[in-house]
Structure formats: structure tokens, C-alpha cells
1. Evaluate the following for Asp74: is it assigned to a helix (DSSP H, G or I), surrounded by 16 or more Cβ atoms within 10 Å (Cβ to Cβ) and touching a Pro at 6+ places or on another chain (Cβ under 8 Å)?
2. Could you give me the residue pairs with C-beta distances under 8 Å whose first residue belongs to segment 195-213 and is in contact (Cβ under 8 Å) with a residue 40 or more places away in the chain, whose second residue is aliphatic (A, V, I, L, M) and surrounded by fewer than 16 Cβ atoms within 10 Å (Cβ to Cβ) wherever it lies, and which are 6+ apart or on separate chains?
3. Among the listed residues Ala266, Ala218, Ala280, Ala224, identify the single one that is buried (at least 17 other Cβ atoms within 10 Å of the Cβ), at pLDDT below 80 and not charged (D, E, K, R).
Amino acid sequence: MRVFSRNHLLLLALTAVAIAVPALAQQPVSKYPDCPANFSAGQNDQDAARGAWLAGKAAFEEADYNKAIDYFKDAYKRDCTKQVLLKDWIARSYESKGDKAEAINALETYLARMPKADDAEQVRKHIENLKAQMTPANTGTGPASTVTGTATSTSTSTAPTATATDTAPPPSGGHSVAPWVVVGVGGAALVGGIIMLVVGSGKVSDSKSLCPNNACPATVLTTAQSENKSGYTLETVGLIVGGLGVVGVAGGLVWHFLEPTGEKKAAFAPVITPGYAGAAVSYKF
């Protein structure tokens, strides 16, 4: 009687696992923000979207697909006119991490918003292939079908389901790519500032050559004054832009080396755009 009771409890436990695991696996797919036909992203959103895409691309190349998906979704949220993000980056990242259901969802969203795209037929065929490749484990029906086996085979087949990559939290820690984006932007500003400074100095020098001994003939006076004013303006702007570039490079390097490598709750990032220099702070709950 005691042996029968233990076997009976084992059977009940296996049945409970067969019911509970598929329910946990059947998570709803992502819902993407609506994108009206007349939507137009502002310049700030376009810049932010490009920055998020670059960060996602770097994470994708490092095979950190969870982080890449977060960046790509953020880029699409900021500028939903870039429908290619759904097909080439979000769906691709989900497929790379083995989540075919989410990959199909992203591709179907792309087709719904770009029904007349040149590659629409190719995308439809890819969706069909993904659906054909989906195993019972992907659809959430696999564990239930394995319950008919022995207790040993069932426990080993259901254990990986509980630790699948689809349900694992995204990895944290390590240095992010954002500081190097800031360094790159700062370096570009520094180079641009140096170029403007050199060109401006050349104009000032040319204006002085038109007026030897500070005496300007009437025929070239206007030209000399214009060249001189333009040169000084370029020099001033060059110094400002170059200075911002130095701040960006230094700030990015300091950010990189001081950035904690554990799980990040708060983030500080310098922001440098034409006409603005400041900082952005975000907090993760």
C-alpha cells in the first residue's frame, strides 16, 4: 500500500508538471507600437533611434541577443518608420536566440505594415519555414507529450524547459558600448573643430595678405573685410566645437573606466548635440 501511494503521488506530480510547464511556455508575443502612415520622427528621435540601433548591433555581434533586442525595440519605438528594424534586426535576433514564435511575430508585423515591400514574398516563405521548423518545445506542447514516458525521461525532458533561454533574464554586467559611442562623437567633433579652425585661420591670413601694411586698396577692401570676418567666425566656432569634442572624448573614456560592471540600476551619460551639451540620467527599477 505504501509503494502504491508513492507511485500514485509521482504520477500526480508528473501530470501537474505536464499541465504547468506548457502554460508557462505559452507567453504572449511582443506587441509593437502603432505607426500611423503620416508619422514622422523628429530629428532628436531619429538620432536617438540611430544610437540605439548602433548599440543593439554591437550587442548582436557579441551574441548578447537579449540586450540587442531591447536596443532594437527602443530604436523602433523612437522611429517606427524604420520598418526594416522588424525584419533585419528584431526578427533576426529572436531567431538567433531560438525564439521562433517572436521572430515570426516580428516578421508578420513587418508584412502587415509593409504589404507591398519588394521582399514581401520572400518574408512570407521565411515565416512558413520558421513555422515548419518549430518543435513541440517551441509551441509549448512538448512537455505534455513526454509525460507518457518513464519518470526518469520525463524529468530530464522538462528540466531544460524551465531554464530555456527564452525565459532567462538578459545578462547583466560588463562594459556597455555607449561610452565608446560618446568617444566617437566627441572625436568627430574634435576633428571638425580642428578643420574649421585651420580654414578660419587661412581666411584671416588671406584677408591680411590683401592689405599689406594694414593698407587696403578700395578695390579689395570689401573682400578683405568679408574674408576676415568669415575667418574669425570659423575660428570661434572651431574652438567651441573642438572643445566640445575634447569634453566628449574625455567624458566617454572616464565613463568607460568608471562604469560598474555589475547589474546597473542608474546610468549617467554625457549628451553632445549641435547647440547643446549636457547629461542624461536613467534609472532601472
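The values are calculated or read from the model by the stated rules, or taken from the named source; none is laboratory data. Being a predicted model, the structure only gives us computed values, none of them experimental. Methodologically, a virtual Cβ is constructed for each residue, glycine included, from the backbone with ideal geometry; neighbour enumeration extends over all protein chains shown.
1. No.
2. Met196/Val237; Leu197/Leu239
3. Checking each option against the conditions leaves just Ala224.
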